[in-house]
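Beneath this line is the structure, given in structure tokens, with notes to follow.
The values are calculated or read from the model by the stated rules, or taken from the named source; none is laboratory data. Everything numeric in this text was worked out from a predicted model, so none of it was measured. Positions of Cβ are backbone-derived with ideal geometry, glycine not excepted, and every protein chain shown enters the neighbour counts.
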């Protein structure tokens, strides 16, 4: 085989190594050959797409639901023989480098993402065709970052992300009740940052209750008018137990993992949402729970050794 190596690489445009709408995507295709090689066609492609697929039991049969959307698809021909198949184009022996440039459309497109039953990918592919039986291919994906992950660019969304969130729940255990009041610092928090959560428990029951804090993830996928949801709850931490017939306020500062994917709604086939769930662990009874919305926002690039930014909101709480 005369083609020993083929690869496609791109040039980074920022510190993150990500691309966004309107960016220039440039790079090179490298081909190493052992001798002079005839080529029918040699090209490089750039593509952005979303695809969802899942199988679901429907009666006695198993149905497959799938859909895809192409955001852009560009093709740049590096070499192509003039007579469409005679192999008149030649690649010289040794290492050959071919540059290319694409302009990513300046339109709203979702960030790269891989979920339970779907993914959003942006890729470069190079294909060198010597004959119908001899085709060399290579592929690499590049990370894409949307400029605005929400379906609407309303300023009200931005304002709402900064506001405190409140919720109350009253649970009865026999003739006694337990009241839980939850306040979160804000609805929007950046990757790697922290959020303060205050839990006031009025325990009028004869049981000891223990608050637990969870990060809730919800992935939604849509295809062929069908919908499927995948959820995952991660334990953030456990608060101090509140004895029977006492009241107590517990404040937790919860650190958001820096690798957590940001919330997004700007894809017609999938979306990613988060929430905070606070439960009261009650012995020999059904746990009481409260959920608050949480939006994960893009964090700032940070050195790996830097610690997550701590919330100072808990210092403002009344004694």
Exercise. For the stretch 205-252, which residues satisfy the criterion of being within 20 Å of the chain's Cα centre (by Cα), over 27 Å from residue 50 (Cα atoms) and loosely packed, with under 14 Cβ neighbours inside 10 Å?
Worked result: 235
Exercise. Filter the stretch 149-165 for residues that are surrounded by 13 or more Cβ atoms within 10 Å (Cβ to Cβ) and outside any helix (DSSP H, G or I); which is modelled with the highest pLDDT?
Worked result: 165
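So that you can scan it fast, the table gives a plain yes or no per residue for (1) surrounded by fewer than 17 Cβ atoms within 10 Å (Cβ to Cβ); (2) within 30 Å of residue 90 (Cα to Cα):
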{"position": "9", "(1), (2)": "yes, yes"}
{"position": "12", "(1), (2)": "yes, no"}
{"position": "17", "(1), (2)": "yes, no"}
{"position": "40", "(1), (2)": "no, yes"}
{"position": "50", "(1), (2)": "no, no"}
{"position": "56", "(1), (2)": "yes, no"}
{"position": "62", "(1), (2)": "yes, no"}
{"position": "66", "(1), (2)": "yes, no"}
Seminar exercise, completed: Okay, strands (runs of 3 or more DSSP E) sitting entirely in the stretch 1-96 with 1 or more residues that are within 32 Å of the chain's Cα centre (by Cα), in the same structural domain as residue 123 (by TED's automatic domain parsing) and more than 26 Å from residue 122 (Cβ to Cβ), I get 41-58, 61-80
For this session: Examine the stretch 97-110 for a residue that is within 24 Å of the chain's Cα centre (by Cα), at pLDDT below 95 and in a strand (DSSP E or B), and state whether such a residue exists.
Result: no
For this session: Please work out which one of (1) surrounded by 17 or more Cβ atoms within 10 Å (Cβ to Cβ); (2) over 22 Å from residue 297 (Cα atoms); (3) out of contact with any strand residue (DSSP E or B) (no Cβ under 6 Å at 6 or more places or on another chain) is the condition residue 178 fails and give its number.
Result: (3)
For this session: Considering each residue of the stretch 166-175, count those that are touching a strand residue (DSSP E or B) at 6+ places or on another chain (Cβ under 6 Å) and either crowded, with 17+ Cβ neighbours inside 10 Å or assigned to a loop (DSSP other than H, G, I, E, B) (or both), and give that number.
Result: 1
